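One structure is given here, and the rest of the page talks about it.
The values are calculated or read from the model by the stated rules, or taken from the named source; none is laboratory data. Predicted model, so just to flag it, every value in this text is computed and none were measured. Here Cβ is always computed from backbone atoms with ideal geometry, including for glycine, and neighbour counts include all displayed protein chains.
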Amino acid sequence: MSMAAPKLTKDRQEVLLKFKELLDKANAACEVFRQSGDGTLPGDMYFELRVSSINLLTRLASEGSIYVQELKKMNPNAFSMKGVLEAARADYLQGFMTDHRLLISAEVFSDLLVQAEVLLDHDYKDAAAVIIRAVLEDGARKLCEAHKIEVGKRDTIQQLNEKLYKEHAYTALVHKEIIAKAEIGNCAAHGRFDQYKKDDFAAFLEFVLRFLAQYLR
């Protein structure tokens, strides 16, 4: 039986449809611009296109992104707006436009993982395991947010894992691996330090690094 498409796939299709809509309007504006004797655009056409474009690109990339900044500072020019939209659409299709909230999260996670590696190098495997468990859980929460999955403040890593798997955020193999690897962190958090070894933690760390690199990019 085929697996249903994840929600992000639907969102991606909606984003591309919005890009098409704005580019169609930009092409129409370019034609009006060509035909105008004074090289200007009607105010309503210009501001509708500009505001809608800024709204879309702020949601996709952030208010501080180069796309939004270019739209805000440029002179009323249909060709310039069309160029920004085409560049943004190309970057989006090629995967170069990432949710800025996930980027910030990834940077924070990276710092914590470095701390965990230092702790592991000094044989503080138990403290390191607790940090990695927290990183994995927070990463799962961020992934739920990206997939528009409702979560509770008290949801455990296993509950988050089940919700993500149910929404086809990742494969059955990843789902099972999270169950197994999260148990290492659970043992550390509950003081069952004799139930895992340093090598187990190293595998746990490697998995979390791989998981974050693949799903929070």
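Quick look at the values:
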{"item": "Output for the stretch 24-44, where each listed residue is part of a helix (DSSP H, G or I) and over 24 Å from Tyr92 (Cβ atoms)", "result": "Glu31, Val32, Phe33, Arg34, Gln35, Gly43, Asp44"}
{"item": "Those residues of the stretch 57-92 which are over 14 Å from Lys25 (Cα atoms), hydrophobic (A, V, I, L, M, F, W, C) and either in contact with a His (Cβ under 6 Å, 6 or more places away or on another chain) or in a helix (DSSP H, G or I) (or both), in sequence order", "result": "Leu57, Leu60, Ala61, Ile66, Val68, Leu71, Ala87, Ala88, Ala90"}
{"item": "First in the stretch 70-86 and without any contact (Cβ under 8 Å) to a residue 40 or more places away in the chain, second anywhere and surrounded by 14 or more Cβ atoms within 10 Å (Cβ to Cβ) and among the polar types (S, T, N, Q), Cβ under 8 Å, 6 or more apart", "result": "Glu70/Ser80; Leu71/Ser53; Met74/Ser80; Val84/Ser53"}
{"item": "Residue match in the stretch 147-159 (condition: in contact (Cβ under 8 Å) with a residue 40 or more places away in the chain, assigned to a helix (DSSP H, G or I) and of a type in the set (Val, Ile, Thr))", "result": "no"}
{"item": "Any pair with Cβ under 9 angstrom, 6 or more apart, that starts in the stretch 41-66 at a residue that is of a type in the set (S, T, N, Q) and ends at one that is part of a helix (DSSP H, G or I) and surrounded by fewer than 17 Cβ atoms within 10 Å (Cβ to Cβ)", "result": "Ser52/Glu21; Ser62/His100; Ser62/Arg101; Ser62/Leu103; Ser65/Thr58; Ser65/His100"}
{"item": "Any hit, the stretch 122-130, residues being surrounded by 15 or more Cβ atoms within 10 Å (Cβ to Cβ), at pLDDT 90 or above and within 18 Å of Leu209 (Cα to Cα)", "result": "no"}
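Residues are listed down the side, and each one gets a yes or a no for (1) farther than 13 Å from Phe211 by Cα; (2) modelled with pLDDT of 80 or more:
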position: Gln158; (1), (2): yes, yes
position: Lys163; (1), (2): yes, yes
position: Tyr170; (1), (2): no, yes
position: Val174; (1), (2): no, yes
position: Ala182; (1), (2): no, yes
position: Lys198; (1), (2): yes, no
